[in-house]
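**Student:** Would you mind keeping the following structure in view while I ask a few things?
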Amino acid sequence: MDLSQFTQAFFVEAVELLAQMEQLLLELDAEAPDSEQLNAIFRAAHSIKGGAATFGFVALTDTTHLLETLLDRARHGQLTLSRSMIDSFLETKDALQEQLMAYQAENEPDPERVAHICEVLRQLALESDGAQAAPAPAPVPAPAPAPAPAAVPAASAAAVSAPGGALRIRFSRLSDSECELLADELGNLGKLLSRTRSGDQLTVLLDTSCAPDDIVAVCCFVIDESQIEITAEPAGDAAPAAAPIAAAPAAPAAAASQPAPAPAGPASRPASSSAAAAGAKDSSSIRVDVEKVDQLINLVGELVITQSMLTQAATMLDPVECERFLSGLGHLERNARDLQESVMSIRMMPMDYVFSRFPRVIRDVSAKLGKEVRLDTFGKETELDKGLIERIIDPLTHLVRNSLDHGIETPAQRIAKGKEAEGQLLLSAQHHGGNIVIEVSDDGAGLNRQKILAKAMQQGLPVTDTMPDDEVWQLIFAPGFSTAEQVTDISGRGVGMDVVKRNIQEMGGHVEISSREGWGTTTRIVLPLTLAILNGMSVKVGSEAYILPLSYVIESLQPRTEHLHSITSDGHVIKVRGEYLPLIELHGVFDVAGAQTDPTQGILVIVQAGETRFALLVDELLGQHQVVVKNLETNYRKVPGISAATILGDGSVAFIIDVDAMPRIQRAHVERATVLARAARAEPVAA
C-alpha cells in the first residue's frame, strides 16, 4: 500500500506537535515541573514517534524514542530536570524539525546531526542513571511479575499480557483504501488473529505487545481518533481465534489472562470515551490545502466582478419595469458580499501563529547577550491573511532581535539608569480600519539621534540637523546602515532593516518608528488585512479610472481659491480646518493628458498614509465598491505609484493607487521638474 497520500497529514500534525512541545518546554519550571505539562510533552513525542515508525522514518523514530524515554522517566519522578536538560530538549526539538523537513523534501536527514543529538540524549540518560545509583535499570523488568498489572489501567494490562489477552480494535467510517492500509499496518504491530469487515466498519483482533496509546498514535495519521475503539479481549473470546498458535504458550496464556475478564469492561470505557471526546473536538475542523482555498477565493473574486458588471449594466434599465430584476440584483450583491467575507475568513489566521515563535528566540538571544527580558503579547487572537502572516515572520524576527541587541540594556546598565533589571519586549496586534497594526516595543535605550545623523553623514546620505525625528528614524532603513560598534552573529552588519522595509512595502504596508532616547523604541507595521479583495473608491483623472483603497480615504472636498497656497512653482498646499496639507496632482504623477489642472475645478480627496496626510487632485468621484486585486507584477511589471490592478464592471482595467508611495513620487517629480527648469535657464545645479 502506498503511504505517500498520508505522509502530508503526518508532516502537518508533527509540525504542530513540535510547536506545542517547544511552547511547553519554555513554560516548564525545572525546579518544580508541572506534571500536566510533562505529560503533554511526552504525548507529543510519543505521537511523533508512532507516526514516524509507520512511515519508516528511521532517524526520526530513533530520536523521538530516546527523547520519549527521558520524558517518561521525568514525568514518573525518576529523572531530575535541570535548565541545561531543558536546553537539550529544545535542541532536540530543533533537530526533529530538521529531520521532518528533510523527510518532507524526500531526503535523508544529516547523519552527523542525527548521531550528535542521539548522543546528547544518551548522555543525559547515562548522567541521570549515575545520579540515581546502580539499581536504576531494575524498574525495566519489574512489571513482569503478576502483581504489577493490578496497579496499571486495564487497557494497558491487557495490551502487555500474553497471547490469550488480545486487543479488539474497531474502526468505523473507513474507505476501502483506509481499510487495507490499517489492516497492513496493524499486522506490523502484532499478529492478526481475526479480521471482519462490515460496510465501512472493520473489526480486528490483534495479539500485540503494544499499548493502546501506541496503536492509536499510529492509526491517527491515517484516520481520526474518533473512528477508533480499543477494548481488552477476554481470554475465552480470544482462544478460538488463537487456536492456530502453537499449543505451548496455552497454559501461561490462560494464567496470564485470568484477571482480564473482570477489568475488560472498564478498560474499554475510558479508552473509547476519551477517544470519542477528542474526536468530537477534532471533527469540528477539517484540513484543506491552501491551493483549494486560493482557487475558491479566485472564483469568488470573479463572482464579484460579474456582479459588478451586472450592477453597472442595470443602471440603464427602467427601475419601474425591471423592479423584480433590480431587487434580485440587490440580493445577489448582498449574498456575494457575505460569501466573499466568509471565504476570506477561511484564509485568516490568528497572530498567535507568529507570536508563539518568539519566546524561544528571546530565551536564546537574551541568554547569549547576558540580558533579562520579559515578553508580553497583546492581541494574539487578531487575525491576518495567511499569505501575509507567513511573510511577516522574518521581518518581525529581525525587529525582535534588534530590540534585544541594540535596545534593551544589560541588567547592570538598567539598574544604573534606575530601571528594573528585567527588560520588557511587547508584541501587539490590533485591527485599525481596513488594516492590521503590529507593534514591536521595548523599554530599552531608544535611538540616538546624533549618532544616527553622524553615521548618515559619514555614508553620504542627504541629512540636516533640523530634520524632524520621524525622518531621522527612517534613516536606519537605508541599505548598509548600522550604528553598531562591532559585528556579532546577531546584528551589526547593516543588512536587514532595509529588507524589512522592502518586504513590508511589498505586502502593501508601511513601517513607522517612534523612539525616546533612554526609554525605548516602538516599531509600527501597518498592513492590509488581505491582498485579495478590498473596498475602494473609484476616481477619474482625464480619461483614466483609478482606485483609491477606502481605508486611506478621510474625506473629499472642492477647494476654494483662498484655501490654496503656492510654496514653489510646482508645489501647492491646501488649508483644511487650520491644517496645511501637501497637494498632489495625480495627472502630473501619472502623466495623464486631458485632466483638470485647476484644483478649484476638480475634487480633492484627503488621504492619510501612516502619520502623513495629504490631498490628491482628481477630476471626478465615480463611486465606492469592492474590487478584486490582481497582481500587476505577475502580468506586467512594477509601476511606481501603482500597487495592483482590478477589473471594473464595464470590463476595463483600473489601477489601484499605492497611496503610501505618493509623497515620495511627488517629491521626485518636483525635483526633476526643478532640475529641468534650471537646465532650460542654464542655471547651475547645486551639488
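Each value in this text was obtained by applying a stated rule to the coordinates, not by laboratory testing. Predicted model only: the values in this text are computed from it and were never measured. Every residue, glycine as well, gets a Cβ built from its backbone with ideal geometry; the counts of neighbours run over all protein chains shown.
**Student:** Could you pull out which residues in the range 591-609 have an amide N less than 20 Å from a spot 7 Å beyond the Cα of Ser652, following the Cα-Cβ vector?
**Tutor:** 591-597, 602-605
**Student:** May I pose another question? So for the pair Asp94, Ser177, with labels modelled 7 Å out along Cα→Cβ, what separation do we get in nm?
**Tutor:** Spacing of the two 7 Å Cα→Cβ label points: 3.8 nm.
**Student:** Contact order normalised by length for the range 4-132, with contacts defined as Cα pairs under 8 Å and 6 or more residues apart; what percent is it?
**Tutor:** 26
**Student:** Quick one: if you stick a label point 7 Å off each Cα along the C-beta vector at Met348 and Ala125, how many nm between them?
**Tutor:** 4.8
**Student:** Please give the contour-minus-distance gain from Thr597 to Ala412: 0.36 nm per residue of separation, less the Cα-Cα distance, rounded to one decimal in nm.
**Tutor:** Full-extension gain reported as 60.4 nm.
**Student:** At 10 °C and 1.306 mPa s, grab the translational diffusion coefficient of the range 567-640 from Stokes-Einstein with a Kirkwood Rh over Cα pairs, rounded to a whole number in µm² per second. Could the numbers behind the result be given before it?
**Tutor:** On the way: Rh = 14.5 Å.
So the translational diffusion coefficient is about 109 µm²/s.
**Student:** In 5 Å bins starting at 0, how do the alpha-carbon pair distances of the range 64-103 split up by percent?
**Tutor:** Using 5 Å bins, I get a P(r) of 6, 22, 26, 25, 12, 7, 3 for the range 64-103.
**Student:** Tell me, how many Å apart are the Cα centres for the range 520-584 and for the range 394-428?
**Tutor:** Using only Cα atoms to place each centre, the spacing works out to 37 Å.
**Student:** Could I ask something else about it? Share of antiparallel DSSP beta bridges in the range 533-680, in percent to the nearest 5? Please list the in-between numbers first.
**Tutor:** Values: 39 of 44 bridges.
Bridges in the range 533-680 that DSSP calls antiparallel: roughly 90 percent.
**Student:** Just the C-alpha atoms of the range 322-423: what Rg/Rh do they give, with Rh taken as the Kirkwood radius?
**Tutor:** Computed over Cα atoms, the ratio is 1.34.
**Student:** Quote the FRET efficiency, to the nearest 0.05, computed for Met316 versus Arg577 with a Förster distance R0 of 41 Å and r equal to the Cβ-Cβ distance.
**Tutor:** Calculated transfer efficiency: 0.55.
**Student:** Give the lysines reachable from Lys368 as a straight Cα distance under 24 Å; neighbours fewer than 8 places away on the same chain don't count.
**Tutor:** Lys93, Lys417, Lys419
**Student:** Can I ask one more? Could you calculate the contour length gain from Gln430 to Arg449, that is, 0.36 nm times the residue separation minus the distance between their Cα atoms, to one decimal place in nm?
**Tutor:** Computed gain between Gln430 and Arg449 is 3.9 nm.
**Student:** What is the local net charge at Ala609, summed over the other residues whose Cβ is closer than 12 Å to its Cβ (Lys, Arg +1; Asp, Glu -1)?
**Tutor:** Local net charge: -2.
**Student:** The range 60-97 to the range 323-381: how many Å between their Cα centroids?
**Tutor:** The two parts, judged by their Cα centres, are 33 Å apart.
**Student:** Still on this structure: Sorted by mean Cβ packing within 10 Å, highest first, what order do the peptides 16-23, 334-341 take? Numbers along the way, then the final one.
**Tutor:** Numbers: 16-23: 18.1, 334-341: 13.8.
My ranking of the peptides, most packed first, is 16-23, 334-341.
**Student:** Kirkwood Rh over alpha-carbon pairs of the range 4-132, then Stokes-Einstein at 10 °C and 1.306 mPa s: what D in µm² s⁻¹, rounded to an integer? Before the final figure, lay out the partial values.
**Tutor:** Numbers: Rh = 14.7 Å.
Answer, rounded: 108 µm²/s.
**Student:** Expressed as a whole percent, how much of the Cα-Cα distance distribution for the range 533-680 exceeds 25 Å?
**Tutor:** Details: 2870 of 10878 pairs.
Percentage above 25 Å: 26.
**Student:** Of all trypsin sites (Lys or Arg not before Pro) in the range 585-639, which ones are in loop regions per DSSP and have a Cβ with at most 14 other Cβ atoms within 10 Å?
**Tutor:** Arg637, Lys638
**Student:** Starting from the 7 Å offset along Cα-to-Cβ, what nm value, one decimal, do you get for the label separation of Ser543 and Gln458?
**Tutor:** That separation, rounded to one decimal, is 5.6 nm.
**Student:** Rounded to two decimals, what ratio of Rg to Rh does the range 290-344 give with C-alpha atoms and a Kirkwood Rh?
**Tutor:** Values: Rg = 13.4 Å, Rh = 12.1 Å.
Across the range 290-344, the Cα-based Rg/Rh ratio is 1.10.
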